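**Q** Let me give you the structure first, and then I'll get to my questions.
The values are calculated or read from the model by the stated rules, or taken from the named source; none is laboratory data. Here the structure is a predicted model, which means the values were calculated and not measured. Backbone-built Cβ (ideal geometry, glycine too); neighbour counts: all protein chains shown. These area figures cover heavy atoms from the full protein model, side chains too; ligands, DNA and RNA do not enter into them. Shrake-Rupley method; radii C 1.70, N 1.55, O 1.52, S 1.80 Å.
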Amino acid sequence: MYTIVQQRPDSIYDLFERKDGDQHVTHYCPGCGHGVIHKMIAECLDDLGVQDRTILVSPVGCSVFAYYYFDVGNVQAPHGRAPAVATGIKRSRPGSIVLSYQGDGDLAAIGGNEILHAANRGEDITVFFVNNAIYGMTGGQMAPTSLLGQKTTTSPFGRTLQNEGYPMRVCELLAALEAPVYLERTAIFDSKNNMRTRKAIRKAIQNQIDGLGFSLVEILSPCPTIWKMTPQDARKWLNENMIPYYKPGVYRDKTAPPTKSIVTLQAASGSSSAASEAGQTPATKVPADNAVEPSSPPPAPSRRTARKEVPLVEVPSLLGIRATERPGETSGSAALLGNYNERSRFFDSTVSPAPPRSEAGFFPSTVPEKYQNPQIKIAGFGGQGVLLLGEVLAESGMLSGYRVSWLPSYGPEMRGGTAHCHVRLSQHEIGSPLVSRPTILLSLNKPSLLKFLPEATPGALIIYNSSLIDEPPVRDDIETVPLSATEIAEKIGSPKVANMVMIGGLMARTHLLSKETVFAAIDALVKNQALIELNRRAIEAGMQAVLELEAVLQS
Amino acid sequence: MSKELIKGNEAIVKAAILAGCRAYFGYPITPASEIAEAAAYYFPTVGGTFLQAESEVASINMIYGASSAGLRCMTGSSGPGISLMQEGISYLAGSELPCVIADIMRGGPGLGNIGPEQGDYNQMVKGGGHGNYHNIVLAPNSAQEMCDLTILAFELADKYRNPAVVLADGYIGQMMEPVDFPETAQEAPVKDWAARGDAATRKNVITSIYLSHEALEQHELRLAEKYRRIRESEVRYEAYQVSDAEIVLVGYGIVSRVLKSAVDMARHYGIRAGLFRPITLFPFPTQQLAEISMSTERFLTVELSDGQLVDDVRLAISRRHPCDFYSRMGGCVPSTEEVFDVIRSTISHPAECNEAMAVPMGLHAV
Amino acid sequence: MPNPARGKIEIAQDECKGCAVCTDACPPKVIQLSTTLNVQGYHPAQYLGDGCTGCGICFYVCPEPGAITVYKWQDEEVQPKQHRAA
């Protein structure tokens, strides 16, 4: 009896219902290579048992409609971006089999960067690169792989070295990268080469099933219509013109188990190949021609895409979010979320009312009225800890129950030059966080004092680092406090804590912040235990210095 | 209260994770880099994916892939990077893929500078990529709202299968303020339309190509209907002291904070000023502004761009009243006192008509 | 009764685009283009009816995924490959 040995693969639809016109046949021209390659890929997906897990990324080009045919998950990508789209899919669904199917314009021209970097990362994807040396879908324009002398609609006199340069050899280019595990170039033009293509396709997909890393098969493919040849002549032309320049062969194969010497070499150079990375799932099986055994799920994702599972309840604490203690409330998580949604003004409301301007806190009676609701500007050299100074004020202000904001100057200033930041502590909701007219100016160097002194409001408090500022600020409507912050800091152990000395001075003068809240703020912001201790001593020294100064002035 | 003093940029990342986002693809750029940096730390910590892509072009296409695969995913950037993403955003909109894009605006055009500006308004609110589409655009004005609106952005993106943008300026991104985060993390929804690489979704296709003219027209009409529903249901704004206002200031982001202080200052000096702050830029609160224009005759739009927001304000109040316009750019942000001076000047110099006021007042006119 | 051919093929006449790649590739040369036109307006390939070895080469050179089905003669009844259409 006769039994079927080859027929339309299951992973190809019986009827192409997404297609307009005749739904029994592809939209490809007679003699086109795409249909052959589609068939071989689909047959392989059947044989390896991965149809359900497969997501095919189709490009822009003739194969943009690959989703008409493949009975797998389909994602159509922007021109050239298929490797990036495939990366997004594979990283999101590590158990899926992600295939990127691209032509020469898509992959080698507009998508040159995406393929290079996906290959370099060693993404666990399989790329089928169909090279027909021409732009087919758009009607015969030059491709990066068009041959020298080849006439196209945009190289009507033939491609020249002078104008367009050499045709791009993608396998050779990618073979310069360390990460790809498998690169092979094959061709579609006769039965021998077609069967080599079939074998390469199977290996490239098997590699992904085994979690080995990045595989790419470049397939030289005839385009009879655009080449303006019969299917037979197109195959002959491919053989005689493309094959000599684009030599078929294996350009990379790291799928065999690494030998000892390779492992040693890689360990010495501090890097590991994708093949040895995949050591958890060694690729001992190299499929023989026409005899690929079905591989059974579940997949063995490589280390690269393996992710840890984190229970949802642990997420807030991993983000450093502390649960609020609300006495008398049930500790159910739904209750807490509901609470947030009540606080958030934006959920399920088309119109958000203005928030009530509630009094958030109040300043202790020890704080003179002129220092309440301060608008603070802090300025100095980059590297003097100006931003941290502001952060400590804002953090401790928050811990004191005030409304606070901290706004930095950002960017190149952080790497030298001047830095400044704006801090507001308020009992009201803070409107503008910008401090354009400071009521308190902390100045750590001379240029910043000269720059910001004119901005200070009448009656403003100016605390300046007299170690670096030899002339006191000249304005008769302000209050000035000299503080030799850098010298005091050096005595304690490091000039770097001059910023904390300034905080101490501010605390002693204004009583805006208590020592407890400032110390707690330092604990929250400074990670190094030794530095925390140093900072605390600097703050106490700054307080002491200002108290002594006041005593002298009063006596 | 368990509040955390945190930068707006970092608050976005924590909020995204709490909203069930588990994939971040991005490329660093000042003043948005803290988003990528925080994502690089927190996403792997919670079992998610962080990948620094080779470009913004690749980032947005990785988002296209992750969203196709059914994950809640996000990226972040600033003007120059957002320009590069526009192609991908058009595809996301065309394929109806939800995602969240944070744009921390800096100065432009070209390389511009890293100071705060609002010059990406048009490219985010009006489209920016090719074709007929809209992003949902949310404009926070505090670190707390960077959290709240990021969570809302994920909700709206999934509800409408559409890209949602958190549009903030450099100051809102860089500023630290106390933030009250939700204390429980959400489970991301399961998306049956996605290509998840399983038997249940094998028949799904994600695409934006509709070859036949009629089919594409139908697709676009469906999108238009979706945008109509968004306009109808998702407007959010803040109105402050507008009921008796003789002049209403309009602004978003960091500007709205300055405007609120300016309103208080104006009221202190006896000028009945109010503030209207669009929180959703698309959908724009057109109807609400129109209603206010029934009782208020003077409007002043302040923005860190050269007349982008003001176009929408003028459309909203139609020709009933003129709308004055004050702009600072290049990273300059007006002070409260500066805006107060503009308010006084506006009140004392009646505006001519819409056309005449199309010339920005800028620094010269004040 | 003579021994049957080792294989046979079926070509879906309406799916064939007449590119003739299979007629070239077939080792025993038992495929030819028809003189008649199919619904698409092509001269489809036809199996001559005898001499097929079931080698499958035509299947792997044919650009249409479903146009050709290849059969092989089995002396004993064997379990056919799990297949929806089998």
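**Q** What order do you get for A:512-521, B:221-230 when each peptide is scored by the mean count of other beta carbon atoms within 10 Å, highest first? Please report the intermediate quantities before stating the final value.
**A** Numbers: A:512-521: 19.4, B:221-230: 14.0.
Highest to lowest by the protection proxy: A:512-521, B:221-230.
**Q** Evaluate the Kirkwood expression for the hydrodynamic radius of region C:1-58, namely the inverse of the mean inverse distance over all pairs of different C-alpha atoms, and round to one decimal in Å.
**A** 11.8 Å
**Q** Using amide H atoms built 1.01 Å from N in the peptide plane, name the residues 5+ places from A:Glu218, or on other chains, whose amide H lies under 5 Å from its own.
**A** The list, which skips near neighbours in sequence, is A:Phe129, A:Glu184, A:Arg185, A:Thr186.
**Q** According to a simple spin-label model (label point 7 Å from Cα along Cα-to-Cβ), what is the distance in nm between A:Asp20 and A:Glu429?
**A** Distance between label points: 5.5 nm.
**Q** What percent does the relative contact order of chain B come to when contacts are Cα pairs within less than 8 Å and at least six residues apart?
**A** Result for chain B is 17 percent.
**Q** Under a Cβ-Cβ cut-off of 10 Å, what is the net charge of the residues other than A:Arg81 that fall near it, where Lys and Arg count +1 and Asp and Glu count -1?
**A** Numbers: positive: none; negative: A:Asp106, A:Glu114, B:Glu87.
With Lys, Arg at +1 and Asp, Glu at -1, the net is -3.
**Q** For the full complex of protein chains and a 1.4 angstrom probe, list B:His349, C:His43, B:His134 by accessible area with the highest value first. Let's see the in-between values first.
**A** Numbers: B:His349 120, C:His43 75, B:His134 40 Å².
So, going from the largest accessible area down, we get B:His349, C:His43, B:His134.
**Q** Per residue of A:28-36, count partner chain C-beta atoms within 10 Å of its C-beta, then hand back the mean as an integer.
**A** Mean number of neighbouring Cβ atoms from other chains: 5.
**Q** When all alpha-carbon pairs of chain B are counted, what percent fall beyond 37 Å?
**A** Values: 13353 of 66795 pairs.
Roughly 20 percent, rounded to a whole number.
**Q** For labels at A:Leu553 and A:Ala175 in the simple 7 Å Cα→Cβ model, what's the distance in nm?
**A** In this crude label model, A:Leu553 to A:Ala175 measures out at 8.0 nm.
**Q** Just to be sure I follow: if Rg is taken over the C-alpha atoms of region B:237-358 and Rh is the Kirkwood radius over the same atoms, what is Rg/Rh?
**A** Ratio of gyration radius to Kirkwood radius for region B:237-358: 0.91.
**Q** Projected area of region A:369-554, taken from the Cα convex hull and averaged over every viewing direction, in nm²?
**A** Mean projected area for region A:369-554: 10.0 nm², to one decimal.
**Q** I need the fraction of alpha carbon pairs in region A:129-190 separated by more than 16 Å, rounded to a whole percent.
**A** Considering region A:129-190, 53 percent of its Cα-Cα pairs are separated by more than 16 Å.
**Q** Count the net charge of all other residues whose Cβ sits under 13 Å from the Cβ of A:Arg235, scoring Lys and Arg as +1 and Asp and Glu as -1. Show your work: numbers first, answer last.
**A** Values: positive: A:Lys192, A:Lys236; negative: A:Asp190, A:Asp233, A:Glu240, C:Asp24.
Charge balance near A:Arg235 sits at -2.
**Q** Now for a different question. Can you give the average number of partner chain beta-carbon atoms within 10 Å of each beta-carbon in peptide A:433-439, as a whole number?
**A** The per-residue average across the peptide is 5.
**Q** Hey, with R₀ at 22 Å, roughly what FRET efficiency would A:Leu161 and A:Lys236 work out to, going by the Cβ-Cβ distance, to 0.05?
**A** FRET efficiency, A:Leu161 to A:Lys236: 0.30.
**Q** Can you list, bin by bin at 20 Å, the percent of alpha carbon pairs in the protein assembly as shown, starting at 0?
**A** 12, 36, 29, 17, 5, 1, 0
**Q** Please list A:3-12, A:161-170 highest first by mean number of surrounding beta-carbon atoms within 10 Å per residue. Write out the running numbers ahead of the final one.
**A** Numbers: A:3-12: 20.1, A:161-170: 14.7.
With the highest mean Cβ count within 10 Å placed first, the list reads A:3-12, A:161-170.
**Q** Pick out, in residue order, every one of the trypsin sites (Lys or Arg not before Pro) in region C:4-46 that is DSSP loop and has at most 16 other C-beta atoms within 10 Å; say none if there are none.
**A** For trypsin sites (Lys or Arg not before Pro) across region C:4-46 that sit outside H, G, I, E and B with at most 16 neighbouring Cβ atoms in 10 Å, the list reads C:Arg6, C:Lys29.
**Q** To continue, here is another question. Given a 1.4 Å probe and every protein chain left where it sits, what share in percent of the accessible area of the protein assembly as shown is carbon and sulfur?
**A** Within the protein assembly as shown, the accessible surface is 54 percent carbon and sulfur.
**Q** Okay, next question. Relative contact order, percent, of region A:470-545 when contacts are C-alpha pairs under 8 Å separated by at least 6 residues?
**A** 38 percent
**Q** Further question: Quick check on the protein assembly as shown: helices-only [θ] at 222 nm, where DSSP H runs of length 4 and up contribute -39,500 (n - 2.57) each and the sum goes over total residues. Nearest 500, please.
**A** -10000 deg cm²/dmol
**Q** Here's something else I'd like to know. Straight-line reach from A:Lys192: which lysines fall under 16 Å, measuring Cα to Cα and dropping same-chain residues less than 8 apart?
**A** Excluding near neighbours in sequence, the set is A:Lys236, A:Lys247.
**Q** Summed for both chains, how many Å² of accessible area, to the nearest 100, are buried between C and A with a 1.4 Å probe?
**A** 3400 Å²
**Q** Relative contact order for region B:237-358 using alpha-carbon pairs under 8 Å, separation at least 6, rounded to a whole percent? All intermediate terms of the calculation are to be shown ahead of the outcome.
**A** Details: 218 pairs, mean separation 33.6, N = 122.
Averaging sequence separation for qualifying contacts and normalising by length gives 28 percent for region B:237-358.
**Q** I've got another one for you. What spacing in nm lies between the two simple spin-label points modelled at B:Ser318 and A:Ser494, each 7 Å away from Cα in the Cβ direction?
**A** Result: 6.6 nm between the two label points.
**Q** Here is a further query. Per-residue mean of other chain beta-carbon atoms within 10 angstrom of the beta-carbon, peptide A:54-64? Could the numbers behind the result be given before it?
**A** Values: counts 3, 12, 2, 6, 3, 0, 1, 0, 0, 0, 3.
That works out to 3 on average.
**Q** A follow-up question, please. Using only Cα atoms, what Kirkwood radius does region A:33-280 have, in angstroms?
**A** Final number for the Kirkwood radius of region A:33-280 is 18.2 Å.
**Q** Same structure again: Using modelled amide H (1.01 Å from N, peptide plane; none on Pro or chain starts), what sits under 5 Å from the amide H of A:Asp71, excluding residues fewer than 5 places away?
**A** A:Ile12, A:Tyr13
**Q** Please give the peptides B:299-307, A:195-203, A:470-478 ranked by average Cβ packing (other Cβ atoms within 10 Å per residue), highest first, as a rough proxy for protection.
**A** Per-residue mean Cβ counts within 10 Å order the peptides as B:299-307, A:195-203, A:470-478.
**Q** What's the FRET efficiency of B:Asp244 with B:His268 using the Cβ-Cβ distance as r and R₀ = 22 Å, to the nearest 0.05?
**A** Efficiency at R0 = 22 Å is approximately 0.90.
**Q** Sticking with this one: What three numbers, in Å, describe the spread of the alpha carbons of region B:82-162 along their principal axes, ordered from the longest?
**A** 35, 32, 15
**Q** Could I ask something else about it? Who wins for biggest fluctuation among B:Asp311, B:Asp264, B:Asp198 in a Gaussian network model of chain B, springs between alpha carbons below 10 Å?
**A** The residue that fluctuates most here is B:Asp198.
**Q** Excluding residues on the same chain fewer than 8 positions from A:Lys19, give the lysines whose Cα lies under 29 Å from its Cα.
**A** Within reach: A:Lys39, A:Lys90, A:Lys228, B:Lys191, B:Lys203, B:Lys226, C:Lys17.
**Q** Excluding same-chain residues fewer than 8 positions from A:Lys496, which lysines have a Cα within less than 26 Å of its Cα?
**A** Reachable lysines: A:Lys377, A:Lys446, A:Lys451, A:Lys515, A:Lys527, B:Lys7.
**Q** Using amide H atoms built 1.01 Å from N in the peptide plane, name the residues 5+ places from A:Ser100, or on other chains, whose amide H lies under 5 Å from its own.
**A** When sequence neighbours closer than 5 places are left aside, the close amide H contacts are A:Val57, A:Thr126, A:Val127, A:Phe128.
**Q** Once R0 is set to 60 Å, what does the formula 1/(1 + (r/R0)^6) return for the Cβ-Cβ distance between B:Ser212 and A:Arg322, expressed as a FRET efficiency to the nearest 0.05?
**A** About 0.60, to the nearest 0.05.
**Q** Skip the ligands, DNA and RNA, and give the accessible area per residue of the protein assembly as shown with a 1.4 Å probe, whole Å².
**A** It amounts to 38 Å² per residue over the protein assembly as shown.
**Q** What is the sum of charges around B:Gly81, taking Lys and Arg as +1, Asp and Glu as -1, for the other residues whose C-beta is under 11 Å from the C-beta of B:Gly81? Could you put the intermediate results ahead of the total?
**A** Details: positive: B:Arg106; negative: B:Glu56, B:Asp103, B:Asp120.
Net local charge, B:Gly81 excluded: -2.
**Q** When the solvent-accessible surface of protein heavy atoms is calculated with a 1.4 angstrom probe, in what order do A:Asp20, B:Asp120 fall, highest first?
**A** Of A:Asp20, B:Asp120, the descending order of accessible area is A:Asp20, B:Asp120.
**Q** Buried accessible area for the B:A pair, summed, 1.4 Å probe, in Å² rounded to 100?
**A** Between B and A, the summed buried area is about 7600 Å².
**Q** A follow-up question, please. Taking every DSSP beta bridge with both residues inside the protein assembly as shown, roughly what % is antiparallel (nearest 5)?
**A** Taking every DSSP beta bridge within the protein assembly as shown, about 40 percent pair in antiparallel fashion.
**Q** Out of B:Cys332, B:Cys21, B:Cys147, any idea which swings most in a Gaussian network model of chain B, alpha carbons joined below 10 Å?
**A** Top of the fluctuation ranking is B:Cys332.
**Q** Sticking with this one: Where does the Debye-calculated log10 I(q)/I(0) of region A:401-496 sit at q = 0.10, 0.16 Å⁻¹, using only Cα point scatterers of equal weight, no solvent?
**A** Summing over Cα pairs of region A:401-496 leads to -0.31, -0.78.
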